């Protein structure tokens with residue numbers, strides 16, 4: 001069977017694969033407006049409100065991508081008992097995610113990223129401002145105990161696990177250890193951490209971007225060889241089987257124990273519409289491919305294709321299996 005054929009076969013095995021997503025759940029709120037005039041009170045544009053879109057962000061975006069690709073997702077995360085939390089749960093449910101196991105924490109403000117987008121009525125809207133609503137999780141461990149119990153429950157029947165750490169305190173080393181202990185033998189856990197990958201304990205794979213790779217290694221790698229060396233050093237430090245370093249417009253690099261480094265160019269056009277959440281799409285696709293039986297090299301190719309597709313869409317977005325099949329057929333670096 002051709003390489004394309006193998007990749008198509010893996011994607012066809014996506015539906016129903018059981019994937020745990022342990023991470024920080026974020027509400028991405030997009031407020032849309034049309035420029036009206038310059039304010040007389042301050043040198044700012046007044047927008048006429050057009051509408052609002054609430055989309056799962058952070059680990060929630062990875063959840064939505066998993067669901068869009070057909071996975072049976074099992075979330076482990078926390079939201080507040082506020083309006084934003086209810087909106088996030090509703091958006092996840094609309095995306096096909098079973099939200100029953102998500103912990104709702106009284107008094108906690110759901111992490112929310114509010115983006116203000118402006119543009120003409122028939123033109124593309126561009127982000128002109130953003131503000132974030134962030135909160136600290138309470139010191140008492142009631143929420144953490146509930147989360148640990150949830151991880152033990154859902155990990156036992158998983159085909160793979162994704163860990164999405166945006167630094168808001170939900171993901172802990174204790175949680176990662178509990179999840180890994182619950183996973184069946186041979187089931188892989190892949191982590192994406194914004195600030196503390198090395199502090200999460202042992203994982204099977206990781207998906208750092210160049211900034212995170214630089215933070216781990218002390219210098220920003222630039223050439224293929226430098227990226228591969230930095231990724232290999234991180235892999236050894238984590239005790240991981242593989243590391244996928246995402247490189248923006250340069251594609252991605254995979255290093256795997258006992259294998260030569262694999263450098264994949266970016267897929268698709270260089271006319272990027274929006275990179276918001278692209279890392280979540282890579283994490284979701286990579287983990288689901290592993291759940292479907294792919295080896296890390298094939299999983300990295302599919303994740304690279306998915307990332308190339310999603311950046312052509314505005315806002316926080318997902319990729320479908322049909323889009324992934326089309327990308328497999330079109331990618332010049334996938335061989336027949």
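In the range 2-24, the count of residues that are part of a loop (DSSP other than H, G, I, E, B), surrounded by fewer than 19 Cβ atoms within 10 Å (Cβ to Cβ), touching a helix residue (DSSP H, G or I) at 6+ places or on another chain (Cβ under 8 Å) and modelled with pLDDT under 95 is zero.
Residues are listed down the side, and each one gets a yes or a no for (1) surrounded by fewer than 23 Cβ atoms within 10 Å (Cβ to Cβ); (2) part of a loop (DSSP other than H, G, I, E, B):
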site	(1), (2)
46	yes, no
50	yes, no
53	yes, no
62	no, no
70	yes, yes
79	no, no
84	yes, no
99	yes, yes
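Go through the residues of the range 29-37 one by one and say whether even a single one is in a loop (DSSP other than H, G, I, E, B), at pLDDT 95 or above and surrounded by 15 or more Cβ atoms within 10 Å (Cβ to Cβ). No, the conditions are met nowhere in the range 29-37.
Exactly one residue among 73, 78 is over 15 Å from the mean Cα position of the chain (by Cα) and under 22 Å from residue 155 (Cβ atoms), and that residue is 78. Restricting attention to the range 254-267, and to residues there that are modelled with pLDDT under 95 and within 24 Å of residue 58 (Cα to Cα), which single residue is surrounded by the fewest Cβ atoms within 10 Å (Cβ to Cβ)? This residue is 266. Mind checking which pairs have a first residue in the range 319-336 that is over 18 Å from residue 282 (Cα atoms) and a second that is in a loop (DSSP other than H, G, I, E, B), Cβ under 6 Å, 6 or more apart or different chains? Listed pairs, sorted by first residue: 336/2. So, in the range 311-329, of the ones that are touching a helix residue (DSSP H, G or I) at 6+ places or on another chain (Cβ under 7 Å) and farther than 19 Å from residue 94 by Cα, which residue ends up surrounded by the fewest Cβ atoms within 10 Å (Cβ to Cβ)? The selected residue is 329. Return yes or no: is residue 158 crowded, with 21+ Cβ neighbours inside 10 Å, touching a strand residue (DSSP E or B) at 6+ places or on another chain (Cβ under 9 Å) and assigned to a loop (DSSP other than H, G, I, E, B)? Yes. Taken over the range 133-153, the criterion of being without any contact (Cβ under 8 Å) to a residue 12 or more places away in the chain, under 12 Å from residue 106 (Cβ atoms) and in a helix (DSSP H, G or I) is satisfied by 142 alone. Given 198, 216, 191, which one is assigned to a strand (DSSP E or B), closer than 17 Å to residue 166 by Cα and touching a helix residue (DSSP H, G or I) at 6+ places or on another chain (Cβ under 9 Å)? From the options 198, 216, 191, the qualifying one is 191.
Annotation note: of 177, 198, 145, 158, the sole residue that is modelled with pLDDT under 95 and over 15 Å from residue 243 (Cα atoms) is 145. Across the range 86-97, which residue is nearest to the chain's Cα centre (by Cα) among those that are in a helix (DSSP H, G or I) and surrounded by 19 or more Cβ atoms within 10 Å (Cβ to Cβ)? Step by step, filter the range 86-97, then rank; the result is 92.
Among the residues of the range 110-131, none qualifies, meaning not one is surrounded by fewer than 22 Cβ atoms within 10 Å (Cβ to Cβ), touching a helix residue (DSSP H, G or I) at 6+ places or on another chain (Cβ under 8 Å) and touching a residue at least 12 places away in the same chain (Cβ under 8 Å).
The residues of the range 161-178 that are assigned to a loop (DSSP other than H, G, I, E, B) and either in contact with a helix residue (DSSP H, G or I) (Cβ under 6 Å, 6 or more places away or on another chain) or surrounded by 20 or more Cβ atoms within 10 Å (Cβ to Cβ) (or both), listed by number, are 166, 168, 170, 171. Restricting the range 201-242 to residues that are within 15 Å of the chain's Cα centre (by Cα) and at pLDDT 90 or above, the residue that is nearest to residue 304 (Cα to Cα) is 207.
The values are calculated or read from the model by the stated rules, or taken from the named source; none is laboratory data. Keep in mind it's a predicted model, so treat the numbers as computed, not measured. FYI the Cβ positions are ideal-geometry reconstructions off the backbone, even for glycines, and counts take in every protein chain you see.
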